[in-house]
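Q: Before I ask anything, let me first share the structure, which is written out below as structure tokens.
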Amino acid sequence: MNRLSACLVIGSLLLVVFGAPAYEITGGNWPTAGMTGDVTLESVLTGGAAQEVEDTLEDRALLSERVRPRYNELMFLALGVTTPRVLVGRDDWLFLATRIVGGRPDAAMARLPTTCAEIKALVDWFGAHGTHVVFEFIPRKQSLYPDQLPDLNPPFEPVYPELLAAMQAAGLHVVDLSDELGPADGVFFLTNDDHWNHAGSYRAAQAVAEEILAIYPDGDLPGTPVEAEIRTTESYRFAGNLVDMLGFQRDGFMYERFSVDRARIRSFVPGMPRPLLGSDEPQPIVLLGTSFSAGFHTASLLLGLLGREVENRAEAGLAGGYRMVDLCREILTGKRDFPELLVWEFPEDFLVQSVPYFAQPVTSIVDVERGFPYREEPLAATRALSGVRIVKEDADGFEGRALDRDPRITYTLDRPIPGDGSRVLAFPVLVSGNCNVVSAWDTGPQPGSGGTHERYLRNSEFPHWILVRLRTRDGKPIRKVHVSPRGAPRFHVGTPQLWTPAEAAPAR
Amino acid sequence: MIFTSQIFLFWFLPAVLLLYYVLPFKWRSGLLVLASYLFYGWWRPDFVLLMLFSTLVDFWCGRGIGRMHALVDGAPDEAAAAPHARKRKRFLVTSMVVNLGLLGYFKYWNFGIDSLNVLLESWGVAPIEWAAIVLPVGISFYTFQSMSYSIDVYRKDAPPVDRFIDFACYISLFPQLVAGPIVRYRTLADQLAQRDHTLEKFARGAFLFQIGFIKKLLVADTVAVIAAQAFDLEDPTALEAWLGAVAYTFQIYFDFSGYSDMAIGLGAMFGFTFPINFDSPYKSRSITEFWRRWHVSLSTWLRDYLYIPLGGNQKGPRRTYVNLALTMLLGGLWHGAAWTFIVWGAYQGAWLAFERWLGKKPLYAALPVVGQVACTFVLAIVGWVFFRAESMDQAWLFLGSMFGGSSDAALAAAGAAGSRIAIDPLQSLMLWLAPVICFLLPNSQALADKPGVGLPRLATAVVFPLAVAHLFFVSYSPFLYFQF
């Protein structure tokens, strides 16, 4: 190797291995910068500290922020792809791959009658307390616009009609949105996002409002009357969540290529500039929804179409059925009354790809509703940790990191509690990454002598409440409770609560 | 720590390189030991103690053997030498027992108890309950290196080491610690005491490191996605099974040879010359030739420390076949404590013995060279199915699909194209590029030895930063051979 080629080879290596840390250091990003937990002997011996150093480095890497978008643009121009998570269809339509590739979801479809029966059990509980539930069941854009998909093998097979039929067969009041949102009258989905557009949201809200008005033919709708008008506001350029996933430079040429014009449609008080977005306070009409509602003002539109105040419980995030748990937790602990009308919005994949995250929380509500109303109190117990490193602790709980595959928080109860199933353990968990939270309880010193319960969670911005009825096989008193958030590298576990039926005496 | 991580590439490596070249030579081995222990213990510091224990035992045994050599050689007659010779043997046996004991306990205990439990359950006896033992990364590699030292000193192929720090450096040297090449003590003995540091050597190392990095990050990890999809299928079609097996064949080559290139390259950057580990194995015209080109450091280790002591080819044809089969069987077991590895070893051993019987020629020797290479490649693919499969059932299922055709249910599930495996453009590109590199290009070492700037060096200088950029997209991806 001559001197020139030696310098070329060495130069390219040293530029990377010395240039990268120099760049990070000049930006204030030392290897330990941003670490939130203390470095203890245990954390060093178990590798937890090393793992955290690596994670923090990767999370905070300044170079990554600069390199990624350029690399993505290069990859897209060269190969037409940056991530397998996004499919690029015809006319630059983007699709989320996980809900499309892999063929027909046979396992979820086989479970469909069970899932629908579980939803029906919850709806019946609401019905028994005077609540009518209407489902705003949203087809994904690939179900209505399959011609825009790229060539796939096996080809994508829409299952929305089957899902809808199964829900209707279970006796649920479902609004069929396939005609409203189909391509016959225009485009009702964002080409660059996983959601509908505002026109789609509006058409769906109109269909739901028609169904609601049909329930109250004399116009005697519940709730506070509101005078509102629906307006379309000026459009603006918008790059959707799928463009973000492609990871281009913000405001760069590729970002612009996939941006579209978007105009909001919302309700306003006539003559006033501020939109009406729905109420945060309990109302007789409740909208419980996902990002389809939260990002596209469904509560505001229903409010305008119905002329009644609507409680807006729509939030973005991968919550599955946990938004319903939040509502029911307030009802079960006597913090609010049952609504008279509940509009429950969710997309079709909740019954297919997301079914564990949807069905488990739904069934947990049905499982604990017997005994309602409950009195909630903090679980009186001493906490011990295994395979967990506490990063931060506050009044609401603690943020921890998993040091091994089975992180475990054990609560040794100050007093045994009955194992007859009358008590409910409730605790909020926020996880990074998909997680299986295992709760277990013991009647004696041997682990596993009571019972166990598993619950799937996804990463989210909001904690999800887990409700577990504590029951032992022989009804023996429970002395220990364990919580194991498996699979998530980081988690926040809130202070556990013990729910006791309001009429029951405190456990002694 | 792994080579393809930010902590290694951007922090550990530059810091160690900087310190290494700032320090005078006499401190450099000490620095490499400290760096290697940090590298090895980064995630599990307790395993460093295990390596240190093994190092201490072999250092002590080697010194003991050396002392006994002197006493035996200085003895006036055989009778006077006999007690020292016995003691010398005891040192060797101690080294073997400790190393094989550690390897056996950490690597094969779980497998042994699992297999025993299967037997017990079939007899209606309650299984033995035990806590699974965690396998320390790289234990198979450093125990083999450690044993080679004791054996080489015993055979007088190498002198016993004087300084503990040199021996600790030999055992723990981070470039090749966790996945080879298995460097024998006699190869490194002189280099530990004195080694050259030249611009050309450093450049050669940097080039090999970059080539290895590209092989692992861009090729191995990309085709791995195809292999993983195929091996996740419960009932693959013939097309899916072949696609998965071929993808894995390229994955394992680019993964392991990529690691070896990086290890050899890093070694050169610190002044060491490690032996070649991969010599374009998929260009082989027979399985015998394949094993002269694949994981060369292991196959020569097995040859010198197992096959030849068993008698090699010196005890007649039948014994030669048995020795070949036994050596490869144990080679398979070395890779992992599972029946799939044992069968893979037996498969390789059977072919070696068969070719020996034919006179070191493949069955298809009459074919043109291209045909011989193609046939050997297919035999290698079949072997890798055992190597990759989670269980023997899966291996048979896969081979059944490859050679017996697709089941009706699999064909129905796969649709008109006959495959459910999603391949994105980058994966497709790498799947086409991999055979071009394997069959048409010279291997990394040959490229590194070519004079002048040349296209390979220019291309590497451009692609290496791209591969580093790719690092920002991939999650933790250890090398396949870490598990061994």
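Q: Counting only protein heavy atoms, what percent of the accessible surface of region A:375-501 is carbon or sulfur at a 1.4 Å probe?
A: Answer for region A:375-501 is 48 percent, counting heavy atoms of protein chains only.
Q: Here's another thing I want to ask about it. Give me the percent relative contact order of region A:94-369, please, defined on Cα pairs under 8 angstrom at least 6 residues apart.
A: Relative contact order, region A:94-369: 24 percent.
Q: Work out the FRET efficiency for A:A502 and A:D337 from their Cβ-Cβ distance, taking R0 = 22 Å, and round it to the nearest 0.05.
A: Working from the Cβ atoms, E equals 0.90.
Q: Could you calculate the FRET efficiency of A:D55 with A:F18 from 1/(1 + (r/R0)^6), where r is the beta carbon distance between them and R0 is 22 Å, rounded to 0.05?
A: Calculated transfer efficiency: 0.40.
Q: Taking a ≥ b ≥ c as the square roots of the eigenvalues of the Cα gyration tensor of region A:349-508, is the shape rounded (a/c under 1.5), prolate (a/b larger than b/c) or oblate?
A: oblate
Q: Here's another thing I want to ask about it. Determine the per residue accessible area of region A:317-472 with all protein chains present and a 1.4 angstrom probe, expressed in square angstrom.
A: 37 Å²
Q: Checking buried surface per residue: for region A:8-30, which residues lose a minimum of 40 Å² accessible area in the protein assembly relative to the chain alone (1.4 Å probe)?
A: Those residues are A:L8, A:V9, A:I10, A:S12, A:L13, A:V16, A:V17, A:F18, A:P21.
Q: Along the Cα→Cβ direction, 7 angstrom out, place labels at A:A395 and B:R319. What is the inter-label distance in nm?
A: 8.4 nm
Q: Once the cut-off is 14 Å, how many percent of the Cα-Cα pairs in region A:73-115 end up in the long-distance tail?
A: Distances greater than 14 Å cover 61 percent of the Cα pairs.
Q: Still on this model: Pairwise over distinct Cα atoms, reciprocal of the mean inverse distance: report the Kirkwood radius of the protein assembly as shown in Å, one decimal place.
A: It works out to 32.6 Å.
Q: On to the next question. What whole-number value in cubic angstrom gives the convex hull volume per residue for the C-alpha atoms of region B:19-78?
A: 86 Å³
Q: Once you have the alpha carbon radius of gyration of region A:94-369, what is it after dividing by 2.2 N^0.38 Å, with N set to its residue count?
A: 1.01
Q: In addition: For region B:6-195, state the semi-axes of the equivalent ellipsoid (square roots of 5 times the eigenvalues of the alpha-carbon gyration tensor), sorted largest first and rounded to whole angstrom.
A: 32, 29, 10
Q: Counting every Cα pair in chain B, what percent are over 31 Å apart?
A: Value for chain B (Cα pairs over 31 Å): 49 percent.
Q: For region A:133-196, what is the Kirkwood estimate of the hydrodynamic radius, computed as the reciprocal of the mean inverse distance between distinct Cα atoms, to one decimal in Å?
A: 12.9 Å
Q: Further question on the same structure: Could you list, in their original order, any pairs among B:K26/B:K450; B:K315/B:K360; B:K215/B:K283; B:K283/B:K360; B:K26/B:K87 whose Cα atoms are separated by more than 22 Å?
A: Beyond 22 Å: B:K26/B:K450; B:K26/B:K87.
Q: Report the full-extension gain for the segment B:W396 to B:L466: residue separation times 0.36 nm, less the Cα-Cα distance, to one decimal in nm.
A: Working it through step by step, the gained length comes to 21.3 nm.
Q: Also, quick follow-up: Checking an interface number: how much accessible area is buried between A and B, summed over both chains, with a 1.4 Å probe, in Å² rounded to 100?
A: Result for this pair: about 4000 Å² buried.
Q: Once you list every other residue whose beta carbon is under 14 Å from the beta carbon of B:W344, what net charge do they have if Lys and Arg are +1 and Asp and Glu are -1?
A: Here the charged neighbours net out to 0.
Q: When only Cα pairs under 8 Å and 6 or more residues apart are kept, what is the percent relative contact order across region A:375-501?
A: Normalised by residue count, the contact order of region A:375-501 is 38 percent.
Q: What does the C-alpha gyration tensor say about the overall shape of region A:225-349? Classify as rounded when a/c is under 1.5, otherwise prolate if a/b is larger than b/c, or oblate.
A: Verdict is oblate for region A:225-349.
Q: Normalised by the number of residues in chain B, what is the relative contact order in percent for Cα pairs under 8 Å and 6+ residues apart?
A: 18 percent
Q: With a 1.4 Å probe and every protein chain left in place, work out the accessible area per residue of chain B in Å², rounded to a whole number.
A: Solvent-accessible surface per residue comes out at 40 Å².
Q: At B:A193 and A:A110, where each label point lies 7 Å from the Cα along Cα→Cβ, what is the point-to-point distance in nanometres?
A: 7.0 nm
Q: Now, a different point. Just subtract the alpha-carbon distance of B:A15 and B:A350 from 0.36 nm times their residue separation and send over the number in nm, one decimal.
A: Here the segment from B:A15 to B:A350 would lengthen by 115.8 nm.
Q: Indicate the residues belonging to region B:392-438 that lose 40 Å² or more of solvent-accessible heavy-atom surface (probe 1.4 Å) upon moving from the chain alone to the assembly of all protein chains, ignoring ligands and nucleic acids.
A: B:P425, B:L426
Q: Mean shadow of region A:327-435, computed from the convex hull of its alpha carbons, in nm²?
A: Computed as one quarter of the Cα hull surface, the answer is 9.4 nm².
Q: Another one. What value does region A:190-283 have for Rg/Rh, both radii from Cα atoms and Rh as Kirkwood defines it?
A: Using Cα coordinates only, the ratio equals 1.10.
Q: B:A412 versus A:S178, label points 7 Å from Cα toward the beta carbon: distance in nm?
A: Here the answer is 2.4 nm between the modelled labels.
Q: Which length gain, in nm to one decimal place, applies between A:L385 and A:S259 when the Cα-Cα distance is subtracted from 0.36 nm times their residue separation?
A: Here the answer is 40.6 nm.
Q: Moving on to the next point. At 222 nm, what helix-only mean residue ellipticity would chain B give, in deg cm²/dmol to the nearest 500, using -39500 (n - 2.57) for each DSSP H run of four or more?
A: It comes out at -22000 deg cm²/dmol, rounded to the nearest 500.
Q: Mean 1/r over all different Cα pairs, inverted: what Kirkwood radius does chain A give, in Å?
A: Taking every pair of different Cα atoms in chain A, averaging 1/r and inverting gives 25.7 Å.
Q: Let me ask something additional. Given only helices, namely DSSP H runs of n ≥ 4 each adding -39500 (n - 2.57), what is the per-residue ellipticity at 222 nm of chain A, to the nearest 500 deg cm²/dmol?
A: -10000 deg cm²/dmol
Q: Rounded to the nearest 0.05, what FRET efficiency do B:Y105 and A:D92 give with R0 = 45 Å and r taken as the Cβ-Cβ distance? Could you check?
A: So the FRET efficiency works out to roughly 0.15.
Q: How many Cβ atoms of partner chains, on average, are near each residue of B:9-22 if near means within 10 Å of its Cβ?
A: For peptide B:9-22, the averaged partner shielding equals 4.
Q: Restrict the search to region B:295-355; then list the trypsin sites (Lys or Arg not before Pro) that DSSP places in a loop and that have at most 13 other Cβ atoms within 10 Å of their Cβ.
A: Filter output for region B:295-355: B:K315.
The values are calculated or read from the model by the stated rules, or taken from the named source; none is laboratory data. On a predicted model such as this, the values are computed, not experimentally measured, just so you know. Here Cβ is always computed from backbone atoms with ideal geometry, including for glycine, and neighbour counts include all displayed protein chains. Just so you know, the surface numbers come from the protein's heavy atoms only, side chains and all, with ligands and any DNA or RNA stripped out. Shrake-Rupley method; radii C 1.70, N 1.55, O 1.52, S 1.80 Å.
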